[in-house]
Structures are given as structure tokens and as C-alpha cells.
Amino acid sequence: MTLLSAPPRTTPGTAGGPAPLAPAARLLPALAAVYRAQLARARVARIPLLFVATFQSLGILVMMRGVVDAGQTSAARYVVSGSSVLVVAFVALNLLAQYFGRLRASGGLDHYATLPVPAASVVLGAAAAFASFTLPGTLVTAGVGAVMFGLPLGQLWVLLAVVPLAGAALAGLGAACGLLAPKQEIATMLGQLGMSAALLLGVLPVDHLPQPVLWLRDLLPSTYAVEAFARTFRPSPDWAAVVGDLAVCAGVGVVSLAVATWAYRRATRR
């Protein structure tokens, strides 16, 4: 008895060929999905690290309180604003560089490469999730620092603009470092060097820094976040200058996230 095999199934409209792949997800829905997934993981894995970042900044405030008197308002502004932005640098720059460096070294990027989502949504979603956890720690650091150094508390709402824009700029740099570094150890080193630069050049009062160091300070995007926040502690803040500093952070954020997206595509194709 001859067994007859069943004819191959055909999909309507394919003329017997393989079924077409589903269209790739649009940028915004894919971005929201990646953001929610990263945020869910971060609730368990990164909340202790956020506590460390906040505790570190509070420790710097206590240390600098022994150097800068409450009456030195100019220096106190930079100490408080620099310590607050340091929370963002620790999470968005340092930890994100380590995260993407680890993904690249372990092959974890292959998982994202198989998903039908744009490359920009992966980078932006991860960067946004990391930066989101910095706002509570930044608010706590700024409030404690303002009370400790006798600065006004009325302008802390500016952090609602400072944190996202500084987070975008620093997260883009962190992601780019992690994706472009040839080894995971180098990505970790770059993230820690960037955080150290944000610490030393953001917390120390500018009156105490030599001119070459001030030029280096101007190259850091975190500097403009520190400047914007420090201006709001003055009796009559120059809001045009604040907006200008935040615009620089926004511009650096667009460029750095674009570079990180290109680096992600490059890493997934190798």
C-alpha cells in the first residue's frame, strides 16, 4: 500500500512560498515596551544601587560641609547641585555603561537583535529606565543639601527638568561607552571614569579650579546640569541662562543617544 503524503500547506497570497514576516513594531510602542520591561527588572536589581548612589552623594555633602561654610553661598550652590547631579551620573552613565558592556560581552544583545523592534527603542528604553530611578535620590540629596548649607528650597522643582535632560545626555554617553568598548572591563572603566569626572568637576566650586581644568569641565554635559541647578539657588535666578544650560544638555542628549543607537546597530551586526 502506497502512502501518499499530504500536499504542503500554502498561505493565501504567498503562492506556496513562506509566509511573510510580521511588520516591525513602530518606534513609540516598542520604546514603551522596552521601557516597561527594563523598569520591571530595575525595581529589584537596581533599587539597592540607587540607594548606594544617594548615600554616596549624601556622604559627599557631609564631607564638603566640613570644608565649605554655610555662609559661602557661591561655593555651597555648586556643592549641593553637583552632589545632586552625581546621583544621575552614577546611574545613567556608570551603571548603563556597565550594563551594555555586559550585554555585549555575554551575547545578550543577540536577544534584542532577534526582536522586531527598532534599534533606537532598545537604547532609548534602557536609557529612560535607568534615568527614571534617579529622580527620588536627586530630590533627597538636593533637599538635604539645601537645608545643610542654608540654601532656599523653593526652586527644587527645577529638578523635574534637570534630571531628565541630564539623564538623557549621560545615559547616551554611558550606552555608547558600553557598546563601543572592545571589552567589558573597559566599558566598566569608562563608566567609572565618567562618574569620577562628574564628581570632581561638578562638586568642587569653580573659584578653586585652575583654567585648564575649567576647559575640561566645559566638555562634560553634567556641568551644564550643575550650572542650571546652581543658578536657581540665587536670590534672583537668571532663567534665560538656566534654559540655555538645559538646552545644551538636551542637545548633547540627542547626539549621544544617536551615537549609542548607531553603536547598538554596529554591535548587533558583528
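The values are calculated or read from the model by the stated rules, or taken from the named source; none is laboratory data. Remember, predicted model here, so these are calculated numbers, not experimental data. All Cβ positions, even for glycine, are placed from backbone atoms using ideal geometry, and neighbour counts span all protein chains on display. With ligands, DNA and RNA removed, areas are computed over all heavy atoms of the protein, side chains included. Shrake-Rupley method; radii C 1.70, N 1.55, O 1.52, S 1.80 Å.
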Taking the stated definitions as given, is Trp262 part of a helix (DSSP H, G or I), over 30 Å from Pro152 (Cα atoms) and either out of contact with any helix residue (DSSP H, G or I) (no Cβ under 7 Å at 6 or more places or on another chain) or of a type outside the set (Gly, Ala, Ser) (or both)? yes
Inspect all residues belonging to the stretch 38-50 and state whether any of them is farther than 28 Å from Pro136 by Cβ, modelled with pLDDT of 50 or more and open to solvent by 70 Å² or more (accessible area, probe 1.4 Å). no
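Please state which one of Ala247, Ala241 is in a helix (DSSP H, G or I) and open to solvent by less than 40 Å² (accessible area, probe 1.4 Å).
None of the other options fit; the residue is Ala241.
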Out of curiosity, is Val140 part of a helix (DSSP H, G or I) and buried (at least 20 other Cβ atoms within 10 Å of the Cβ)? no
Among the residues of the stretch 120-137, what is the count of those that are hydrophobic (A, V, I, L, M, F, W, C) and open to solvent by less than 30 Å² (accessible area, probe 1.4 Å)? 8
Of the residues that make up the stretch 157-167, is at least one open to solvent by 30 Å² or more (accessible area, probe 1.4 Å) and touching a Cys at 6+ places or on another chain (Cβ under 7 Å)? yes
Is it true that Val117 is of a type in the set (Val, Ile, Thr) and either over 30 Å from Trp262 (Cα atoms) or surrounded by 24 or more Cβ atoms within 10 Å (Cβ to Cβ) (or both)? no
Out of (1) open to solvent by less than 30 Å² (accessible area, probe 1.4 Å); (2) assigned to a helix (DSSP H, G or I); (3) over 30 Å from Arg265 (Cβ atoms), the odd one out for Leu151 is which? (2)
